[in-house]
Number of protein chains: 2
Amino acid sequence: MKITLLLTGKTTEKYIDEGVKTYETRVKRYLSFEIVALPEARNLANPDVIRSKEAISQLAAIDNADYLILLCERGKQHTSQQFAANLQQFMNRSTKHVKFLIGGAYGFAPAMYERANEQISLSSLTFSHQLVRLVFMEQLYRAFTILHNEPYHHN
Amino acid sequence: MKITLLLTGKTTEKYIDEGVKTYETRVKRYLSFEIVALPEARNLANPDVIRSKEAISQLAAIDNADYLILLCERGKQHTSQQFAANLQQFMNRSTKHVKFLIGGAYGFAPAMYERANEQISLSSLTFSHQLVRLVFMEQLYRAFTILHNEPYHHN
């Protein structure tokens, strides 16, 4: 199985970028993983237009066979163990490519919710779409340590 | 009102430290705020002993009049708006000093749950006690932007 994390917009905060890279290196020990930054729509006053414009690049980055999971506030909340169990299920079902998508500052266009196979939320709290990147990466790494019974989970 | 964030153990990851400092500077624009790192118990095999040892320093850092909020997995989950509304309530009630406490790698001793006035959870997911620092600081900053109707919340 391959996992791709699709980001909408570059990572602007240096400390987020460093943290994401730390976990990216660790996750790559377990499976084929890559992070792809998609263009963010800028200088537009209307959030609907921003979301629609971003959706064009987002949809172009997703193949028909990909299993697409949106990270969004309206998604389902999991424990770390449940999230790990979900990843195990994908591997058991021989899912070839799982793509996680983090939206831009204004969230997703309706087209993205229609395309998504699943939606997950990292918290009831709202995190910046920059911080979401780091929180997600730590969870992804944690999931593999759980699946491999490695000691990180309690640290 | 004054807010103190009590941490158990130093911040070991440089990117977490940088992120925390970024938000610390921003939060200080709104009220008196400080971060205090308490000693972490080390080289002990028994988690109960670790938690009890850490509780001694934690209790010593809390005055009788302080309103103590533990950040822990069994705590109540809030939205960012609810968390901001809670802070506003403390200000309305003239609470003098609110202390948020992040535990060590093994969580809190029973004595800390007994002393706590409130327990809040940042997510159903488990975060490392290092990452919790950054996630909490972003929420604290976000709360003040919500209370002051500033534009950060949607970014």
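The values are calculated or read from the model by the stated rules, or taken from the named source; none is laboratory data. Given the structure is predicted, the values throughout are model-derived calculations rather than measurements. We place every Cβ from the backbone using ideal geometry, glycine too, and count neighbours over all the protein chains shown.
Observations on the structure shown:
- Counting only residues that are closer than 11 Å to B:Ala55 by Cβ, without any contact (Cβ under 8 Å) to a residue 24 or more places away in the chain and hydrophobic (A, V, I, L, M, F, W, C), the stretch B:107-131 holds 0 of them.
- Residue within the stretch B:80-93 that is touching a His at 6+ places or on another chain (Cβ under 7 Å), closer than 29 Å to A:Ile120 by Cα and of a type in the set (A, V, I, L, M, F, W, C) present: no
- Some residue of the stretch A:19-27 being at pLDDT 95 or above, in contact with a Ser or Thr (Cβ under 8 Å, 6 or more places away or on another chain) and under 18 Å from B:Leu125 (Cβ atoms): yes
- Filtered by the rule that a residue be within 14 Å of another protein chain (Cβ to nearest Cβ) and either assigned to a loop (DSSP other than H, G, I, E, B) or in contact with a His (Cβ under 8 Å, 6 or more places away or on another chain) (or both), the stretch B:1-28 gives B:Thr8, B:Gly9, B:Thr11, B:Thr12, B:Glu13.
Listed here are the residues, each with its yes/no results for (1) of a type in the set (A, V, I, L, M, F, W, C); (2) free of Cβ contacts under 8 Å to residues at least 12 places away in the same chain; (3) over 20 Å from B:Leu131 (Cα atoms).
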{"position": "A:Lys76", "(1), (2), (3)": "no, no, yes"}
{"position": "A:Met91", "(1), (2), (3)": "yes, no, yes"}
{"position": "A:Ala105", "(1), (2), (3)": "yes, no, yes"}
{"position": "A:Arg133", "(1), (2), (3)": "no, no, no"}
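- Number of the condition not met by B:Ser80 [criteria: (1) more than 7 Å from every other protein chain (Cβ to nearest Cβ); (2) within 15 Å of the chain's Cα centre (by Cα); (3) more than 22 Å from B:Glu18 (Cβ to Cβ)]: (1)
- Any hit, the stretch A:107-121, residues being farther than 25 Å from B:Gln130 by Cα, touching a strand residue (DSSP E or B) at 6+ places or on another chain (Cβ under 9 Å) and within 10 Å of another protein chain (Cβ to nearest Cβ): yes
- Considering (1) among the β-branched types (Val, Ile, Thr); (2) closer than 21 Å to A:Tyr23 by Cβ; (3) within 16 Å of the chain's Cα centre (by Cα), the lone condition that A:Ile62 does not fulfil carries the number (2).
- Residue satisfying condition, being in contact with a helix residue (DSSP H, G or I) (Cβ under 7 Å, 6 or more places away or on another chain) and either under 30 Å from B:Phe127 (Cβ atoms) or crowded, with 16+ Cβ neighbours inside 10 Å (or both), within set A:Ala61, A:Ala109: A:Ala109
- Selection over the stretch B:122-155 of residues that are aromatic (Phe, Trp, Tyr), closer than 23 Å to A:Ser80 by Cα and more than 9 Å from every other protein chain (Cβ to nearest Cβ) gives a count of 1.
- Residue match in the stretch B:2-24 (condition: over 25 Å from A:Val135 (Cβ atoms), of a type in the set (Lys, Arg) and touching a residue at least 12 places away in the same chain (Cβ under 8 Å)): yes
- Candidates A:Phe100, A:Phe144 - the one that is within 13 Å of the chain's Cα centre (by Cα), at pLDDT 95 or above and of a type in the set (Phe, Trp, Tyr): A:Phe100
- Among the numbered conditions (1) more than 24 Å from B:Gly19 (Cα to Cα); (2) in a loop (DSSP other than H, G, I, E, B); (3) free of Cβ contacts under 8 Å to residues at least 40 places away in the same chain, the only one that A:Thr145 does not meet is (2).
- When A:Leu31, A:Leu68, A:Leu59 are checked against the criterion of being away from every other protein chain (no Cβ under 14 Å) and more than 25 Å from A:Ala143 (Cα to Cα), A:Leu59 stands alone in meeting it.
- Whichever residue in the stretch A:87-106 is buried (at least 16 other Cβ atoms within 10 Å of the Cβ) and outside any strand (DSSP E or B) and, among such residues, is nearest to the other protein chains (Cβ to nearest Cβ): A:Ala105
- Among the residues of the stretch A:110-139, those identified as of a type outside the set (Asp, Glu) and over 30 Å from B:Tyr23 (Cβ atoms) are A:Pro110, A:Ala111, A:Tyr113, A:Arg115, A:Ala116, A:Asn117.
- Options B:Ile120, B:Ile62, B:Ile69; residue that is modelled with pLDDT of 95 or more and in a loop (DSSP other than H, G, I, E, B): B:Ile62
- Note on the stretch A:117-128: residues that are under 12 Å from the mean Cα position of the chain (by Cα) and surrounded by fewer than 22 Cβ atoms within 10 Å (Cβ to Cβ) total 4.
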